[in-house]
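Trainee: Okay, here's the structure, questions in a sec.
The values are calculated or read from the model by the stated rules, or taken from the named source; none is laboratory data. The model shown is predicted, which means the values in this text are computed figures rather than measured ones. So basically every Cβ, Gly included, is an ideal-geometry build from the backbone, and we count neighbours across all protein chains shown. Side chains included, ligands, DNA and RNA excluded: accessible areas come from the protein's heavy atoms. Shrake-Rupley method; radii C 1.70, N 1.55, O 1.52, S 1.80 Å.
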Amino acid sequence: MNIIFLGPPGAGKGTQAQRVVEALNIPQISTGDILRRAIKEQTPTGVKAKSYIDAGKLVPDEVIIDIVKDRLAQDDCKEGYLLDGFPRTVPQAEALDTFATIDKVVELDVADDALVKRISGRRVCLNCGATYHISRLGDRTTCEKCGEPLIQREDDKAETVLNRLSVYHSQTAPLVDFYSAKGNLHKVDGAGDMDAIFAEIMKVLKA
Ligand code: ADP
Ligand code: ADP
Ligand code: ZN
């Protein structure tokens, strides 16, 4: 099954994607994680993407489309995949249609005020992509899954978060209509408890 997770920054895409890919045994393709890794390794793509990400803007469509197209052509995507953070613009969605067939689009819906709280307390592992929140971390400073140190993303700092939300509403939210029109959009309330949201997503994917 080929799945897209759609939703604003902080909606829980990464958190739920990690659970879903484990349950379905398919790869999670997180464009944010791919770009952060490229920045860390200072690849040409990373160098190009950094200024956009730090400013809370989207990296140019042509950069990200090529990355995703190459990634989906790899062997491990043959039995399905979960796209987390792509597409984020209508041109990206149109490009995706030329090289992929999407079965289900899950929209995670969360109000902006809750998103700001989630994002400002987010801590991430740059090694494996795991995501945490300070309210549940206690004294822990390293990743539960791989032991690497947890960090606060530069673009999760207050100044950039509001930019990212406004970019979402203007550039990404139109994809809700784009996929509704195709008939494969499934809206899930992302405001509740993580386990309940996961159960709801699995119900949608199995239906
Ligand atoms: P979040 O999980 O908070 O929504 P991501 O980790 O998905 O954030 O993305 C972080 C940043 O990486 C985005 O703000 C954007 O600059 C860049 N990015 C990720 N995916 C895309 C994409 N599909 N198109 C353009 N930029 C992207
Ligand atoms: P996204 O990938 O959509 O940007 P994340 O999965 O990284 O979102 O989640 C953003 C923050 O919110 C993280 O700190 C995460 O631990 C927390 N979070 C995720 N789901 C929930 C939830 N259902 N309730 C409360 N906090 C959540
Ligand atoms: Zn980790």
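Trainee: For the list (1) over 13 Å from the mean Cα position of the chain (by Cα); (2) in contact (Cβ under 8 Å) with a residue 60 or more places away in the chain; (3) surrounded by 22 or more Cβ atoms within 10 Å (Cβ to Cβ), I need the number of the one condition that Phe5 fails.
Mentor: All conditions are met except number (1).
Trainee: When only residues in the range 98-132 that are open to solvent by 40 Å² or more (accessible area, probe 1.4 Å) and among the hydroxyl-bearing types (Ser, Thr, Tyr) count, which is farthest from ligand 2 (Cβ to nearest atom)?
Mentor: Once the filter is applied, the top-ranked residue is Thr98.
Trainee: Right, something else. If you scan the range 143-170, which residues turn out to be away from ligand 2 (no atom under 14 Å from the Cβ), open to solvent by less than 80 Å² (accessible area, probe 1.4 Å) and among the aliphatic types (A, V, I, L, M)?
Mentor: Ala158
Trainee: Could you list, in sequence order, all residues of the range 21-46 that are basic (Lys, Arg) and either surrounded by fewer than 19 Cβ atoms within 10 Å (Cβ to Cβ) or in a loop (DSSP other than H, G, I, E, B) (or both)?
Mentor: The answer is Arg37, Lys40.
Trainee: Being out of contact with any strand residue (DSSP E or B) (no Cβ under 7 Å at 6 or more places or on another chain) and either more than 22 Å from Tyr132 (Cα to Cα) or not basic (Lys, Arg) (or both) is the requirement here; does Gln74 meet it?
Mentor: yes
Trainee: Of the conditions (1) within 16 Å of ligand 3 (Cβ to nearest atom); (2) out of contact with any Asp or Glu (no Cβ under 8 Å at 6 or more places or on another chain), Thr45 fails just one. Which one is it?
Mentor: Single failed check for Thr45: (1).
Trainee: May I pose another question? Kindly provide the set of residues from the range 63-97 that are among the basic types (Lys, Arg) and away from ligand 2 (no atom under 16 Å from the Cβ), ordered by number. Don't jump to the end; show me each part of the working.
Mentor: Residues of the range 63-97 that are among the basic types (Lys, Arg), as a first pass: 69, 71, 78, 88.
Answer for the range 63-97, where residues must be among the basic types (Lys, Arg) and away from ligand 2 (no atom under 16 Å from the Cβ): Lys69, Arg71, Lys78.
Trainee: Looking at (1) assigned to a helix (DSSP H, G or I); (2) among the hydrophobic types (A, V, I, L, M, F, W, C); (3) in contact (Cβ under 8 Å) with a residue 40 or more places away in the chain, which one does Ala49 not meet, given that it meets all the others?
Mentor: (3)
Trainee: Here's something else I'd like to know. Test Lys69 against the stated conditions and say whether it is part of a loop (DSSP other than H, G, I, E, B), open to solvent by 50 Å² or more (accessible area, probe 1.4 Å) and at pLDDT 95 or above.
Mentor: Working: part of a loop (DSSP other than H, G, I, E, B): no; open to solvent by 50 Å² or more (accessible area, probe 1.4 Å): yes; at pLDDT 95 or above: yes.
No.
Trainee: Here is a list of conditions, (1) closer than 22 Å to His169 by Cα; (2) away from ligand 2 (no atom under 13 Å from the Cβ); (3) not hydrophobic (A, V, I, L, M, F, W, C), and Asn2 meets all of them except one; can you say which number that is?
Mentor: (1)
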